[in-house]
1. Sum -39500 (n - 2.57) across every DSSP H segment of at least 4 residues in chain B, then divide by the residue count to get the 222 nm mean residue ellipticity, nearest 500.
2. Take B:Arg31, B:Arg73, B:Arg284 and order them by how many other Cβ atoms sit within 10 Å, fewest up front.
3. Taking R0 as 22 Å, what FRET efficiency do you get between B:Asp487 and B:Lys458 from their Cβ-Cβ distance, rounded to the nearest 0.05?
4. Quick one: net charge of B:Leu366's neighbours, Cβ under 12 Å, K/R +1, D/E -1?
5. Under 15 Å Cα to Cα from B:Lys276, which aspartates and glutamates show up? Leave out anything in the same chain fewer than 8 places away.
6. May I have the pair-distance distribution P(r) for the stretch B:470-558, computed from all Cα-Cα distances with 10 Å bins from 0 and rounded to whole percent?
7. How many nm is it between the label spots at B:Leu709 and B:Gln644, if each spot is 7 Å from the Cα in line with the beta carbon?
8. Within straight cross-link reach of B:Lys406, meaning Cα distance under 22 Å, which lysines are found once same-chain residues fewer than 8 apart are removed?
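A short reminder: the numbers here are calculations on the coordinates, not readings from a lab. Note that the coordinates shown come from a computational prediction; the quantities given were computed from them, not determined experimentally. No Cβ is skipped: glycine too gets one built from the backbone with ideal geometry, and neighbour counts run over all protein chains shown.
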Amino acid sequence: MKVTIKSWTGVASWRWIANDENCGICRMSFESTCPECALPGDDCPLVWGVCSHCFHMHCIVKWLNLQPLNKQCPMCRQSWKFNIH
Amino acid sequence: MAEMSLKPKRVEFGEIWNPLSRTVESLITLRAVDRKVWNACFSDVYTLCVAQPEPMADRLYTETKNFLESHVRDMLANKVMAKHDAANANNTNSRPDLLQRYYTTWTEYSQGIQYLHKLYNYLNQQHIKKQKITDTDTMYSNQTSAAGQMEIGELGLNIWRVIMVEYLAEDLVRHILEGIAADRASNGTLDSHRVQVINGVIHSFVEVENYEKVINDVVNNVDNEKTQKPDSLNLKLYQEHFEGPMLEASGAYYMIEANKLLQRCTVSQYLQEVIKILECETKRAEKFLHKTSLPKLRKQCEEKFINDRLGYIYSECRDMVSEERRQDLRNMYIVLKPIQDNLKAELIQTFLEHIKNEGLETVYALKGENIHIAFVENMLKVHHKYQELIADVFENDSLFLSALDKACASVINRRPSERQPCRSAEYVAKYCDTLLKKSKTCEAEIDQKLTNNITIFKYIEDKDVYQKFYSRLLAKRLIHEQSQSMDAEEGMINRLKQACGYEFTNKLHRMFTDISVSTDLNNKFNNHLKDNDIDLGINLSIKVLQAGAWPLGSTQVIPFAVPQEFEKSIKMFEDYYHNLFSGRKLTWLHHMCHGELKLSHLKKSYIVTMQTYQMAIILLFETCDTLSCREIQNTLQLNDETFQKHMQPMIESKLLIANSENLSGDTRIELNFDYTNKRTKFKISSALQKETPQEVEHTINSVDEDRKLFLQAAIVRIMKARKVLKHNALIQEVLSLSKVSFTPNIAMIKKCVESLIDKQYIERTANSGDEYSYMA
């Protein structure tokens, strides 16, 4: 072997895989937080519905709590189910 | 008089008054009065006041008044005016005696009056005070008040005032002023007895109208001076007869003195003399005058020596400042301190200009690679120097401190020309970078320098530019692990937070957090590998950054075929990551990655640090010794620019040899088997870690974009709250919102308003051209 790799320091960036730039509920960018939070990232995550729509977790939970009976996606009115990968 | 009784009885006035008046005379002339006699007289006053069938208080009052009047007239004629006839008036031998005679008489009389006041206590308390109360009653019913009687103490002093003072005032004041002038002429060495006399005469003008003070001084035997409020005093006589002429005479004297000084002094000497004179005059005022006159005389003194001579005082101001003649400046400050602020403007402005010139001189001649260090440190020197000077010379006067601030701000924010941007923000950020990077400087010193650096930072107007540079340099330090200490990094971010608030450092904090989160992630990943018995053969360390928080530049991905030596490791990590965090997309930033390679094909083996693209290139030589540029590029799918940028340092390091300077197409690249290096561990310098002018320009341009976004957001926020707003009011509010991070130019704000009108966030109000309203 002429050359062997001893170590590698990799740098990667991450962003949300979302079908939109902004949260459909609070209209804030997914890159930033829901209006209640200060720090984006792990503290203010995104969640996806089976219908493929995506929101700040805080926003959709608040929305669902306001719907007494039919818990629907605010974008497509399908019944809301969390999409757990 | 043999028996004492409180019972009112019928009496003959003369029988009682005649002996009583003899005691009164003894009292007023301070002759000894036997205790028995005193007691008897005390009850005589009582007896008269309660006499039947009619009380004789009024008669007693009138008789006493007559007695006192004639007594004072007698004193005036025989004791005060004696030998002071017209013939002798100009005779200097008799001169000092008017004051002396008046003073002696007054001392006796005022003392006597105090005793008399006590003797007449019953009359004062029962007859006159009650009468005063009814007086106030009758005043409302609009009847003419009866006698207008005064308590005996007041009566006595009033008689003195009317008969003695009104008559003598002019002469007395003339003599007093001569006395004060003599004190001035003798440099305050007037003999103390004379001072006492003059002081006594002057104060008699106050005391004669404030009998309560005179009486109480004796009754309570305490000095009421301190507790007595000056405004409760009646100072009419004192002010009219004495204070006015005294101030006038002093003013005239000051003017002459000032003129004399001007003739023989330089400005510097003049200032010294004036300070001395002010001190002497204050002492003199304390020595002679009633305390209410002190500020007035001081004012007069300042007026004549300072306000009226400002032109002269300022005539050498420029030289004093530019030569930093501390003693002179100190004196000038002492002299100018009491006068109005706007009159000091010339000194302050000159001082400001001086600092500014020095600042510009030390900063704008700078050239070379370490310009940022020199910039900050020179500026700090200037700041420190003048801060010290202001403390030493100007007593930390806020006017001067703000001049220092203005001067520093104007030097730091000066643009070299209309077209060129101000680079201070960049310099200051780079200075921090130099400090925070690994170096041999000790931690305490770095900490101190970072703190000092904030001093300069605060003057920067374009704080957003600073932030851009700072975050880019911080990103480099964090990614390339160049930080001297994480504590120092965090300390600096906290300092910035303190200076500019949370918004300003939000992203910096997030970057910082990403690094520690990544460390945890790496540990977890390594444990995961261990648990599953996976050996990647590579020591892997990954940093995962939030795209929004880091200044990663263009997000456009450079095509790159990852060598298969890495691929497995990268795949493992990605799987692990996606399993841990769903809904996230990872993008590898290969231009920021680097690694260590072990080279075994040479005589010695070496450990070399290089960038990922360079690793990929050299890995290709595993199976062969020579390749063409095209082959390499095709295999790795690198574009020309990336290829050349990374190939160049490899050739320069001599690890690889090229048969042409043109690193493209058919140029052959060959592994250099004769390579030697004294070090067994080294690094291929990378083009990327050095800052290019394009990068700087890019940073500055991105600031402009951010500013526009900020301004638009600010305008929308303001308009949403206000609904309707005039143009100027809107501009003002925008300016105050953006103040923390930058000072926008008005044209830019206008452009943002225009674009918001186009986007229909706001509109012009129909009936007014310069008013906007918010469109919901």
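1. Numbers: 30 runs with 464 residues, N = 776.
Value at 222 nm, helices only: -19500 deg cm²/dmol.
2. Values: B:Arg31 10, B:Arg73 14, B:Arg284 19.
Going from sparsest to densest Cβ surroundings: B:Arg31, B:Arg73, B:Arg284.
3. Given R0 = 22 Å and the Cβ-Cβ separation, E is 0.45.
4. Net local charge, B:Leu366 excluded: -1.
5. B:Glu257, B:Glu302, B:Asp328
6. Spelled out per bin, shortest first, that is 15, 40, 28, 14, 3, 0.
7. It is 3.3 nm.
8. B:Lys337, B:Lys344, B:Lys356, B:Lys381, B:Lys385, B:Lys458, B:Lys463, B:Lys739
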